[in-house]
Each structure stands twice: as structure tokens, then as C-alpha cells.
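A short write-up of the structure that comes next.
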Amino acid sequence: MDTAGGTVRRSRATRRWTVAAVGLAAGSLALAACSSSSSGSSGGSTSGKAGVSLILKTLSNPYFVSMEKDAKTEAAKDHVNLTVAAGKEDGDTQTQISAIDNAISRGDKGILITENGNAVNTELAKARQAGLYVIALDTVPTPPSTVDITYGTDNEAAGKLIGQYAAAKLNGGKAVIAMLDLFNNQVVSVDIQRDHGFLEGMGISPGSTSLNGKEAKTGKYTGGKGDYVIACHQPTTGAIPGGKTAMENCLSANPNINVVYTINEPAADGAHQALQAAGKNNVMIMTIDGSCNYVNGLLKDGTIAADSAQYPGKMASIGVKTLASIARGGAKPTLPAGKDFINTGTALITANPVPGIDSQTPEKAASACWGS
């Protein structure tokens, strides 16, 4: 799941595909690129392939690079002519708009996109009116009806996994919790979902359906099993420096913190640095992403106590497979009841499992980190 700023990206382990009506297929497609690379010749009528555009936030972030890699692999299998375009930086909507326009002009059959912002919505509407099937990856657009379907991580479920782990690990001991979120000055769905999921996993009511920081600051977790204190809510922007500063601020507010929730792995890395500098040991750091870098590093050595994986490569490869199927006349996917996206899975990763909590070792998770 991607979060705003291009730094929260979300991360990936059980290799079951839970997507309905997505067939293995070759379709015929073609594309040319705007800030792009193309696997195959452009122009569906000349290449005998259907064209699909993969339009990413940026290719400076490994999260999106994993999408490009797995999309290209799937495109080769399904005889799709894939064009890859990306913003010059996170938030670059103009490059994405140009890529959408190019896809329409080429007569592409579909678009896969990780939006840089709502400014692209008008162009996506034009693409759909022109007959292109549009799939969002990682994050549900606002509104969800901007696209035909979204493939992404259930971020609330990912948060619940690490919250349940923390509660089980504490086993009734007092929890002094630092909440290191994405922002404190804007509302972003992934920020809310991960934060609230963690609290729900701990057995703490978030106190709001749409805002962070509305939970009771003291009380009982897991049905009265133990006491908790919310020491702080601090923004990190999903980056290492932000995580470090946020953790320093939290320690100033309450030096007894023993549980740290973080929006993503870079924020967790920064929090660890601050804890280390303060001489704080035996603090559980919880996070979400499952990237190869952290699975094989801070998670493997136990510095990060638990992580929930997400699978950007899987999102992209399913997206290509879906468009290939549709291009050859296959059925279009449908949303599960009550959901505005199709879940591509998540799994708890820890080097120190707890009885009764399903989890994977970092070694096992490394076989699927950010892949498909």
C-alpha cells in the first residue's frame, strides 16, 4: 500500500491469488511511452498485441520498481505490449496526465495506475469514456469510482496483525504506546486504516472512523487483559528522519514507552535510531511493509519486532493478467461485497513468534518480499 509522499509503501507472503475472474491469457496489446519504457513494439495493430499502460508514481522508490518488474514479467507471459510511465517525483500529476492521454491516443486496452493525486481523475474519466479499462494499484482513489477496480493491501487488516501480535507479546503487561503516523495535518486513508487497525488489534477502540488520535488515552487493551497509555501521536511523513524526530518527541513526552507503532518501515528505522541514541532497549517496534531490505535486516535481527507484508509486485502482475483477459473477451472482475478494492493479501512477519498468532519467519517472507 502506498501512502502519500512516495515513502510509505507499503510491502508481501502467502502466494495465493484471491482475485476472481482473472484468467491466464494472452491478449493483444500495444503502447508507446511518455517518460516510459516499452516491452514490445508500439501500436496494437502492428504488433498483434493489446496495449496496456502501467503509470507509476515514480521509479525512484523500490516499491514501484517492484511493480514494474513483475508487470513486465506478466506482460511477457500474456503477450501484452506494456508501456511503463512514471512521475518525475511523488506528486507529479502532469506527467501521469500526459501518459494517460498517450494511452488514449494509442488506443490502448487498459491502464494500471498508482495515482500521484486527484488531479489525474479527469483524464482517467476520459480514458474510460474512450473504452479503456482502468485499474488502480495499491491505493483506492477518491472517489473509488474513479477507476473500474483497485487491487491493493487491506491496510486495516495489516494494522490489526501487528496490534494482535503486540497484545499477545505483552501478555497483560502495561503498554505505553507511541503512535508514529504519516501526517498530523491531512487525512490520508492508508494513515487512518493502519493506525486504526493497530489499535483494533490491541483491542482499543480508535474512537473515530475517519481521524487518528481520537482513542481514549488510557484504558484496558484486549478485553481488559492489561492497561495501556497512549503516550503520543506524531507525524513521520513515512521517512527515516521523520521517524527519528517523532520518536524523540515521544520520548520527551513519556520516557517509559515500550510499544511503538509506525506507519511504515522507514519510520520504524528512524524510531529505532532515536531509541538507540536514548539507550532504550526492549521496546517493541511494530510496522507495515515487508520490503526485502527490512525483512533481511532489522526484522531478521529482531530490531523490528513484527511487520505486516504487502505485495506490490502481485498487484501489478494481477493487473496485467486482468487486462490481458479482458482484451481477449474475458469477464471483468467484480468487487467483494462491502469492499471498494480487491485484497492482494498480507501476512505477519516476525523473528519471535507468539503462540496462537499466525506468522512467518523473515527467511520465509524473504521469498516473496514485494513480489508476486
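The values are calculated or read from the model by the stated rules, or taken from the named source; none is laboratory data. Small disclaimer: the values here were computed from a predicted structure and weren't measured. All Cβ positions, glycine included, derive from the backbone under ideal geometry; neighbour counts span all protein chains shown. With ligands, DNA and RNA removed, areas are computed over all heavy atoms of the protein, side chains included. Shrake-Rupley method; radii C 1.70, N 1.55, O 1.52, S 1.80 Å.
Per the Debye formula on identical point scatterers at the alpha carbon atoms of segment 244-372, with no solvent, log10 I(q)/I(0) at q = 0.14, 0.21, 0.22 Å⁻¹ is -0.70, -1.13, -1.18. Using only the C-alpha atoms, the convex hull of segment 52-111 corresponds to 62 Å³ per residue. DSSP bridge analysis restricted to the chain gives an antiparallel fraction near 25%, rounded to the nearest 5. Annotation: amide H of residue 175 within the under-5 Å range of 227, 228, 229, sequence separation 5 or more or interchain, hydrogens built in the peptide plane. Each other residue within a Cβ distance under 15 Å of residue 305 adds +1 if Lys or Arg and -1 if Asp or Glu, for a net charge of -2. In plain terms, the bigger the Kirkwood radius, the slower the diffusion; for segment 230-302, with that radius from Cα pairs, at 25 °C and 0.890 mPa s, Stokes-Einstein puts D at 205 µm²/s. Taking all protein chains as present, what is the carbon and sulfur share of the accessible area of segment 221-316, in % to the nearest whole number, probe 1.4 Å? In segment 221-316, the share of accessible area belonging to carbon and sulfur is 46 percent. Could you tell me which of the pairs 244/314; 72/160; 214/339; 88/300 are separated by over 26 angstrom between their Cα atoms in the structure shown? With Cα atoms farther than 26 Å apart: 244/314; 72/160; 88/300. Normalised per residue, the accessible area of the chain is 37 Å², obtained with a 1.4 Å probe and no contribution from ligands, DNA or RNA.
Taking 87, 290, 330 as the candidate residues, the one with maximal mean-square fluctuation in a Gaussian network model of the chain, Cα springs under 10 Å, is 330.
Size descriptors for segment 99-247: radius of gyration and Dmax over Cα atoms are 19.4, 61 Å. A Gaussian network model of the chain, with springs between Cα atoms under 10 Å, assigns the largest mean-square fluctuation among 197, 213, 319 to 213.
Counting Cα-Cα pairs of the chain in 20 Å increments starting at 0 gives whole-percent bin shares of 32, 53, 15, 0. Taken along the Cα-to-beta-carbon direction at a fixed 7 Å, the label points for residue 76 and residue 277 span 4.5 nm.
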